[in-house]
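Below: the structure, in structure tokens.
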Amino acid sequence: MGVDNKKIRKKEAIVAVGLTKWFGEGATKMTAVNGVELVAHFGEILFIVGPSGSGKTTLLSMVSGILRPNAGTVTVSGADIWTLTNDQLAEFRLNTIGFVFQDYHLFPRLTSAENVAIPLILKQRDWDESITEAKKYLEIVGLKDRGEILPVKLSGGEQQRVAIARAIVSGPQILIFDEPTASLDGDTGKMILSFVKEKVLNENRCIVIVTHDARINEYADRIIHMEDGRITGLDKGTE
């Protein structure tokens, strides 16, 4: 008898339980994330949406090992990340999580290839070997002949693709995108998300995207809505 693929449960990539973060104390205390429960799976693109100040970026920072929660747990790829030492956590982020930031965070005095090679250099890979590997990933994202170009000479869409190449060059299981289309026009934003869904997502990778951009919702497998530090809804996206 055949296997019904729809009944196969995808492996959990991120599990957050009771996740809470506040800032300040007493009368100035402000709760940014309040008791959030979250599961993201390998093989999916999960969007987190909501108005400014809803807690999206704070939540993203906690599940990616940047900001320590006041309460709750986060398990990423089977590791309870907030029980790790600072050194272990830094190594875990380097090996497991790739980041694509809203403003790309490319180093202006480094070429495209040098920017992409940074995660490999941090892993103490040989410089020439790292640059060669970086150029392969630039080709993957459609920038084969742009390796020697400085970021200032690239369009916004090209800079975003360099940032994506840098995020995936070391093979992370988790990719975190923070407002990936905020600086792009509608057509370029859709092109980037189409590329991500077709070429970057795979069954062994989970992609989490924080966005205000409803124009790209069609590329999500699931959409989590946040408001006032809580999850207020969950929509199914594409099948």
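Can you match Rg and Dmax of the Cα atoms in Å to one of these, [x] 18.2, 63; [y] 16.8, 48; [z] 20.2, 64, based on a calculation from the structure here?
The value computed from this structure is option [x].
Calculate for the chain the 222 nm mean residue ellipticity that helices alone would give, adding -39,500 (n - 2.57) per DSSP H run of length 4 or more and normalising by residue count, nearest 500 deg cm²/dmol.
-8500 deg cm²/dmol
Roll a 1.4 Å probe over the protein heavy atoms and report the accessible area of THR232 in Å², nearest 10.
90 Å²
Solvent-accessible area of MET30, probe 1.4 Å, all protein chains present, reported in Å² to the nearest ten, please.
Spelled out: MET30, probe radius 1.4 Å, area about 100 Å².
With every protein chain left in place, what is the accessible area of TRP22 in Å² (1.4 Å probe, nearest 10)?
So the heavy atoms of TRP22 present about 70 Å² to solvent.
Return the loop-located trypsin sites (Lys or Arg not before Pro) in segment 105-150 (DSSP other than H, G, I, E, B) with at most 14 other Cβ atoms within 10 Å of their own Cβ; answer none if there are none.
Taking segment 105-150 and a limit of 14 other Cβ atoms within 10 Å, the loop trypsin sites (Lys or Arg not before Pro) found are ARG109, LYS123, LYS144.
Decide, for segment 40-124, between rounded, prolate and oblate: order the square roots of the alpha carbon gyration tensor eigenvalues as a ≥ b ≥ c, take rounded if a/c falls under 1.5, and otherwise choose prolate if a/b is larger than b/c, else oblate. Show your work: numbers first, answer last.
On the way: a/c = 1.90, a/b = 1.29, b/c = 1.47.
The shape class here is oblate.
The values are calculated or read from the model by the stated rules, or taken from the named source; none is laboratory data. As the structure is a computational prediction, the values presented were derived from the model and not from experiment. Don't worry about glycine lacking a Cβ; one is built from the backbone with ideal geometry, like all the others, and counts go over all protein chains shown. Remember, those area values only see protein heavy atoms, side chains included, never the ligands or the DNA or RNA. Shrake-Rupley method; radii C 1.70, N 1.55, O 1.52, S 1.80 Å.
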